[in-house]
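K.L.:
First, the structure itself, so that you have it in front of you.
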Amino acid sequence: MMKRNIICLSLVWGTMFAALAPSAQAAERSGAVALNRPPLETQQGRYFRWAAPRGWIAKETTNGVDLFAPDGKTFASSALLHGSFGHMTPRDFLVMTMRQVNPSARIEGAKALPSQPGIWGPWQLEDFALSGNYKGTSVRMRATVGLSAGYGRYSATMNLYQAPAASWERDKLWLPAVAQSIVVTNARQVAGQDSVMLPRNNPLDNSGLIESWHQKGLSEDRISQGRREGTMGYTRLEDPTTGQRYEMPLEAYDGTAGGYRNPKRPTELLKKLPPGH
């Protein structure tokens, strides 16, 4: 049951991240702001994996990751809460969270997103635009909240990114890619669920069937990868020498070299990662 819950939470998280793409695409199409998206370096934590520009600071807990820029005012965050008691709506959860993150935050707009199937009940998804002040600077934020409730309990996921108002039009073109990069890699312990007894693994002894599902998964991974690159404007690459992974903006492609140059060793090219990595 725990793995099933995590899978559903991960699917909802993916849906939430997909909701971030249209605004970034619209801003890019407007042509009002020149693209200046930074490369993102992939890092692995104890519970999550993420990608952020070099120099950013990561703070990881069992419930999520906060990624901070050197200026201390630009950040991206993703959080996961499972099995809490009480009643909540997406707006309630956002307001409760912002009291701790930034009490000055004001909701400027909200948009309901299509609901998704859940264990206890449908996941309610809502997207919010916010503004406020942070460390003496006027900031703008965007948050997407998913919440599923039933039997007096609820689970919630929240994605949030923020930038100073002065640089918002530029930063909103790539901050969604930072937030979208945060994924669960330790399903056994994430959200404090390691105390739940897992079901026994009874492998299916049918190599042909297993291989067919493996190939089906690879095909879906390729489709997912292409869709992600098209919407977020970033592609996943790896330093073949050190294994360091990057999320590189598509405009960084060097046609004269036939690939993406290594940010640390510009005379070398990065290697494209296969789907699912």
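K.L.:
Please specify each residue of segment 257-276 satisfying the condition of being closer than 19 Å to Pro53 by Cα and part of a loop (DSSP other than H, G, I, E, B).
P.N.:
Asn262, Pro263, Lys264, Arg265, Pro266, Leu270, Leu273, listed by residue number.
K.L.:
On the given criteria, is Val65 touching a residue at least 60 places away in the same chain (Cβ under 8 Å), under 24 Å from Val184 (Cβ atoms) and either assigned to a loop (DSSP other than H, G, I, E, B) or touching a strand residue (DSSP E or B) at 6+ places or on another chain (Cβ under 9 Å) (or both)?
P.N.:
Yes, satisfied.
K.L.:
Taking Phe93, is it assigned by TED's automatic domain parsing to the domain that holds Thr137 and modelled with pLDDT under 90?
P.N.:
When the stated conditions are applied, Phe93 does not pass them.
K.L.:
Considering only segment 88-133, state which residues are exposed (fewer than 14 other Cβ atoms within 10 Å of the Cβ) and outside any helix (DSSP H, G or I).
P.N.:
Pro103, Ser104, Arg106, Glu108, Gly109, Lys111, Ala112, Pro114, Pro117
K.L.:
Step by step: first the residues of segment 160-188, then only those that are modelled with pLDDT under 95 and touching a Leu at 6+ places or on another chain (Cβ under 7 Å), then the one that is surrounded by the fewest Cβ atoms within 10 Å (Cβ to Cβ). Which residue is that?
P.N.:
Ranking the qualifying residues of segment 160-188, first place goes to Leu173.
K.L.:
To continue, here is another question. Across segment 46-67, what is the total count of residues that are closer than 14 Å to Thr157 by Cβ and buried (at least 22 other Cβ atoms within 10 Å of the Cβ)?
P.N.:
Of the residues in segment 46-67, 3 are closer than 14 Å to Thr157 by Cβ and buried (at least 22 other Cβ atoms within 10 Å of the Cβ).
K.L.:
Filter segment 136-173 down to residues that are of a type in the set (D, E, K, R) and farther than 11 Å from Thr74 by Cα, then give me how many there are.
P.N.:
Adding up the residues that qualify gives 4.
The values are calculated or read from the model by the stated rules, or taken from the named source; none is laboratory data. For clarity, every value in this text was computed on a predicted model and none was experimentally measured. All Cβ positions, even for glycine, are placed from backbone atoms using ideal geometry, and neighbour counts span all protein chains on display.
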